[in-house]
Amino acid sequence: MLYLLIVGPILAGVLTILFSNKDTRLFIIFVQIVQLLYALHIFIDVRLTNTIFNFMSGAPEGLSITLMADTISSVFILLTAIIFLMMLIFAFHKDYFTTQFGFLLLVLEALITGLFLSTDLFNLYVLLEVATVVVSILIMINKEKQAIYDGMIYFFVNVIGTAFLLFGIGMIYRTTGLLEMNAIAEALPLVEDPRSLYLPFAFMMTTLSLKTAVVPLFSWLPKAHGTPSAPPVVSALLSGLYIKTGVYMFIRFTAMFEAVINVQELFLVIGFMTSIFGFIMALGQNDIKMILAYSTVSQIGLIMIGLTMGPEVAFWGAMFHIVSHALFKSTLFLAAGQIYHYYGTRDIREIRGVMRTMPLIGLAVLFGILGVTGAPLFNGSVSKYLIAYGSDAALVQFGLNVINLGTITYFLKFSTILFGKDERPEEEKPEKEDRLSEILVFVMGTLIFISGIFGPISIDILFGYEATVFTAGYFQKGLIYMLMLIAGTGIYNGIVKKSGILDDISHIELTFNGIITSMTGFFLFVASYLYIML
């Protein structure tokens, strides 16, 4: 009964509203534990029995509203349940963890889970629209001026972007008379004129490219993920988990069109452009949350590279990087929230000595940095190794090395907050936040290390793919990492700190009109590419 994973959190959220005069935090945590256990049950069932289908009416298969849990979606719903439980535990003693906040998180979890389970195109559209509303409210929840502006930009951009998806769905339905993705995948090869599918594909890919924040459709992400007053939990959820809904739908939609349209090469190039642009923008930031936000843009580009490279090993490497990114980016955003509370600033130039003043948070940040930069023994090293192993092309290998060098360089900049000494007088230092949240962030940091030590085993357990990590190749990657660390230090000290170019670049962002124009231009570009190149 897959629908319980969607309906359950919503009903629990409604109950919390009905009893809003009471403290509902423990109830919400209990509901989340039950959700996690049921997600784990579904995950194990999928491993034992393969794909699970739930047909939500008596209509024939392909016409009924269908929920599907397979190898990929079962991992995503398990990851969703784990991340949400961690967020709720982190927020337990925070002032913003009200009944309304808990309700919004439970509803958002149900919507994200629905996106991972549904195979009905119109349902996906509705779930995306409702999720946009909920995320916008969470961004604006503190009602500060900048947060309201960022939340409204996010809302209108995503509502307009999702309209492209609706146009594509309408054209697919007109052509096939179907909305269920598996049935559509079987019907598309029978379409007499495959060129009639180019426009709906371009419409749908425009929405998914917006949701994944690839170049040039990225400007909304730093505003949403880096907004100053949004609770750390919101930023962690958006960057660590919610953005993966776009990646997931990209996987499903490209598989649906695979028999008639193949754009792997196009999105491989877009992935490289996104990843490089993301790290350049991150290098120019001085706000710790904005560095992390642009890092997400760069890492999503890397994931797109792995998904579109072709070989199976690169695909599953990208899938493991999705899981790894959810862990280390959630950890880093939560830690950034703790640091901001204690230091009263997000300016990287004014924060020093985190290792001394907040040792658990400092260690978690260090583990997160080692994970995202692909340091040996950490989860990012395994996923990046597998992605790189997917191609022998010199240009691809060079591009991947440039991306990782950029990642190492901007996280060397980020790591300056860990060392030195906090020079503020004692009377200016606020009380540290609750111990529970610090321990939770540290535990998440250790998971980054553990999932790296047992990387191949983790991939086998999660995806049923036996990843082979050759000792010689892994050792070589370790040596390259050390050389990049040296090179990154030189680039940071010799160029980044002294050059004003990156500071100028860091202020580049599109206005609302610019974002909509780029969205339209992206659609026209993809449509033109399909008609000219295919």
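For the stretch 96-165, count all C-alpha to C-alpha pairs, find those more than 13 Å apart, and express that count as a whole percent of the total.
Of all Cα-Cα pairs in the stretch 96-165, 65 percent lie more than 13 Å apart.
Please report, in whole Å³, the volume per residue of the convex hull around the C-alpha atoms of the stretch 325-476.
Per residue, the Cα convex hull of the stretch 325-476 comes to 111 Å³.
Where q = 0.11, 0.12 Å⁻¹, what log10 of I(q)/I(0) comes from the Debye formula for the chain, counting one point per Cα?
For the requested q values the scattering log ratios are -0.96, -1.16.
Which value in deg cm²/dmol, rounded to the nearest 500, describes the helix-derived mean residue ellipticity at 222 nm for the chain, given -39,500 (n - 2.57) per DSSP H run of n ≥ 4 and division by the residue count?
Using -39500 (n - 2.57) per qualifying helix, the result is -23500 deg cm²/dmol.
Give the lysines reachable from LYS223 as a straight Cα distance under 26 Å; neighbours fewer than 8 places away on the same chain don't count.
LYS94, LYS143, LYS145, LYS211, LYS244, LYS289, LYS329, LYS413, LYS497
Between HIS93 and ALA163, how many nm apart are label points set 7 Å from Cα along the C-beta direction?
4.8
Can you tell me how much longer the chain between VAL14 and ILE148 gets when fully stretched, taken as 0.36 nm per residue apart minus their C-alpha distance, in nm with one decimal?
Values: separation 134, 0.36 × 134 = 48.24 nm, distance 2.53 nm.
In short, 45.7 nm is gained.
Would you mind computing, in nm to one decimal, how far apart the modelled labels at ILE33 and PHE398 are, each placed 7 Å from Cα along Cα→Cβ?
Using points 7 Å along Cα→Cβ, the separation is 5.6 nm.
Based on the Cβ-Cβ distance from THR446 to SER528, what FRET efficiency comes out when R0 is 41 Å, to the nearest 0.05?
So, using R0 = 41 Å, E works out to roughly 0.25.
Tell me the relative contact order for the chain as a rounded percent, counting alpha carbon contacts under 8 Å between residues six or more apart. Before the final figure, lay out each step's value.
Values: 814 pairs, mean separation 77.1, N = 534.
Once normalised by length, the contact order is 14 percent.
Going by the alpha-carbon gyration tensor, a ≥ b ≥ c the square roots of its eigenvalues, is the stretch 44-97 rounded (a/c under 1.5) or, if a/c is not under 1.5, prolate (a/b greater than b/c) versus oblate? Don't skip to the end; give the middle numbers.
Numbers: a/c = 4.92, a/b = 2.11, b/c = 2.33.
Verdict is oblate for the stretch 44-97.
When the label point is put 7 Å from the Cα of LYS22 along its Cα-to-beta-carbon vector, which residues of the stretch 83-124 have a backbone N closer than 13 Å?
none
Per residue, how many Å² of accessible area does the chain show with a 1.4 Å probe?
Dividing the accessible area of the chain by its residue count gives 39 Å².
For the stretch 435-534, which GluC sites (Glu not before Pro) pass both filters: DSSP loop (anything but H, G, I, E, B) and at most 14 other C-beta atoms within 10 Å?
Here the GluC sites (Glu not before Pro) that fit, given the DSSP loop and packing criteria, are GLU466, GLU509.
Viscosity 0.692 mPa s, temperature 37 °C: Stokes-Einstein D of the stretch 196-272 from its Kirkwood Cα radius, in µm² per second?
In µm²/s, the coefficient is 240.
Which trypsin sites (Lys or Arg not before Pro) in the stretch 420-497 sit in a loop by DSSP (not H, G, I, E or B) and have at most 10 other Cβ atoms within 10 Å of their own Cβ?
Working: sites: LYS421, LYS432, ARG435, LYS477, LYS497; in loops: LYS421, LYS432, LYS497.
Answer in residue order: LYS421.
The values are calculated or read from the model by the stated rules, or taken from the named source; none is laboratory data. Keep in mind it's a predicted model, so treat the numbers as computed, not measured. Note that we place each Cβ from the backbone using ideal geometry, even for glycine, and neighbour counts take in every protein chain shown. Quick note on the areas: whole protein, heavy atoms, side chains included, nothing else; ligands and nucleic acids left out. Shrake-Rupley method; radii C 1.70, N 1.55, O 1.52, S 1.80 Å.
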